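Taking it in order: structure first as structure tokens, then the write-up.
The values are calculated or read from the model by the stated rules, or taken from the named source; none is laboratory data. Bear in mind the structure is a predicted one, so any value in this text is a computation, not a measurement. FYI the Cβ positions are ideal-geometry reconstructions off the backbone, even for glycines, and counts take in every protein chain you see. The protein model used for the area step is the full one, side chains on, heavy atoms only, and it has no ligands, DNA or RNA in it. Shrake-Rupley method; radii C 1.70, N 1.55, O 1.52, S 1.80 Å.
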Amino acid sequence: MPVLHAVSGTIMVFSLLRRLRRSRPPPGRVQLADIAESSVLLEACPARAARFAPADARRNGAANPFLDWVSMPVGLTAHVLRDVVYDVDSRVLIKDGDLVAETCYLQPPELLAALRVDPARLIRHAGPGVAVPCSDHWPGNYYHWMTHALPVMAALSDRPEIRRRGRLSWLLPDLLPWQRQTLDLLGADGGGWPVLAAGRQYRLDRVVYCNIVAGAADFALSRLCQSVFPRMAARVPVTRRRGLRLYVDRGGAGNRVIPNEGALAAALAAEGFCVVRPERMPVAEQIDLFRAAAMVVGPLGAGMTNIGFCRPGTLVYELVPDHHANPCFLAMAMRGHLNYWADLYPTGATGQDHVARWEAGIDVARVLRQVSGLWSCGTRPVLVSDGAA
């Protein structure tokens, strides 16, 4: 049996992990706990009921889809493995011909059914150090990078029981310029191997796999995942006075396009909002901007990940499409002690698809009413002077 090095020492965590292990994987799959030579519990995340900003948030007729939401209780773990194969395209680990169940993150069933070790695509990496898979199936997405990849690197580089196993080598995609900026700001120890080649498989002698990289903390109140944001922000000088109201514009996104978003952005700009396209800014500028925010408004999307840099008490209003009501930013807001509210907006989309466009557009007048009500309800943060922490 693997040895579990407990961090919190709570009985609840061991009970949770035992329950997770009772669910056996289907044929052709194995679980991390069954093949790991040892495991480290990085954090135990408790279940917590959703918290919202305004005192009158539960008013009659509220359209908040998350009123009864409860955060996911989960143990965030790092498993030490030997002799596994890493499939670059799927980010799946294979052990003795079986797929490692927890690494099959959001992959189509037909792809997984056909996935096996292919000697023609296999490369052996037997060099010094311990390989750490860091990216998921969507390596260039800002949310996935900030909440999956960076927490893994931050957590493992700070763990002596992991580091004593050898130099950590991050398994990373071909990095975009903004990703390199985040690594500089994070300052996590370790190094990357040469860029992993698409279509290849790598045989790895020693691996540490953290379940955060497969989204285990997306709906959990993880202090570890939240800690990445102040760690990066500490390296960015404060240049703006707090008090900005921001609208996060998705005009450059290909997924969940809002046909009349330009009208919404213009209406909010007329109310004094700063309309921002985070993807056009260096990461340090994004940090400084959102750290100065008193209110952030935006539709569900990767740009809202920057609320992780907001100071406690910042008011966040999320415009949630009814075809993809995802509470990941509620969880992030609770981690950062932000004042969060969301409303569900009809989109006219015909299916529950996370990439579908808003066929009906968005009700601009309704957004303006809700923003005005939230801003005036008495939950505004106290404005602070230039340079204040």
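A few remarks follow.
- Residue 271 - accessible surface, heavy atoms, 1.4 Å probe, Å² rounded to 10: 110 Å²
- Building the convex hull from the alpha-carbon atoms of the stretch 84-140 and averaging its projection over directions returns 4.6 nm².
- All other residues whose Cβ lies under 12 angstrom from that of residue 346 are scored, Lys and Arg at +1 and Asp and Glu at -1, for a net of -3.
- The length gained by stretching the chain between residue 328 and residue 63 to full extension, at 0.36 nm per residue less their Cα-Cα distance, is 93.7 nm.
- Sulfur and carbon atoms: percent of accessible area, the stretch 203-349 [1.4 Å]: 52 percent
- Debye intensity ratio I(q)/I(0), log10, the stretch 98-256, q values 0.09, 0.11, 0.12 Å⁻¹ (C-alpha model): -0.35, -0.52, -0.62
- Lys/Arg +1, Asp/Glu -1 at C-beta; the stretch 210-252 dipole; positive extreme among 216, 238, 228: 238
- Residue-normalised accessible area of the stretch 38-118, expressed per residue, 1.4 Å probe, Å²: 44 Å²
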